[in-house]
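The values are calculated or read from the model by the stated rules, or taken from the named source; none is laboratory data. Note that this is a predicted model, so its numbers are computed, not measured. Methodologically, a virtual Cβ is constructed for each residue, glycine included, from the backbone with ideal geometry; neighbour enumeration extends over all protein chains shown. Calculation scope for accessible area: heavy atoms of the full protein, side chains included, ligands and nucleic acids excluded. Shrake-Rupley method; radii C 1.70, N 1.55, O 1.52, S 1.80 Å.
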Amino acid sequence: MVPSTPPPPPIGGAADGLAAVVALRELADRLEDAEVERALRAGWTWTQIADALGVTRQAVHKKHLRRVAGAGIELRRRNG
């Protein structure tokens, strides 16, 4: 008897749905990166960006500081 291979999962199954979630998360991260950079270039503060994203200033700063500093974006300082 020849062993049979299982049929492929149907289109639209759980694997496709989960793959879509991963793709959307990656897209959302890239979009957030681009928009945070655009806001900083436009002179927004970390607090303004955080408020717009619905997170804390510390969270947005921690997530994006290294990348935007490496991109050469001039960052506003609190005290000068």
State the percentage of accessible surface on the chain attributable to carbon and sulfur atoms; use a 1.4 Å probe and exclude ligands, DNA and RNA.
59 percent
Taking a spot 7 Å from the Cα of Leu75 along the direction of its beta carbon, which residues of the stretch 21-40 have an amide N less than 13 Å from it?
37, 40
Kyte-Doolittle cut-off 0.0, length cut-off 27 Å along the helix's own axis using Cα: show which whole DSSP H helices in the chain pass.
14-41
I need two numbers for the chain: Rg to one decimal and Dmax as a whole number, Cα atoms only, in Å.
20.6, 79
In deg cm²/dmol, rounded to the nearest 500, the helical mean residue ellipticity at 222 nm of the chain, built from -39500 (n - 2.57) for every DSSP H run of length 4 or more, is -21000 deg cm²/dmol
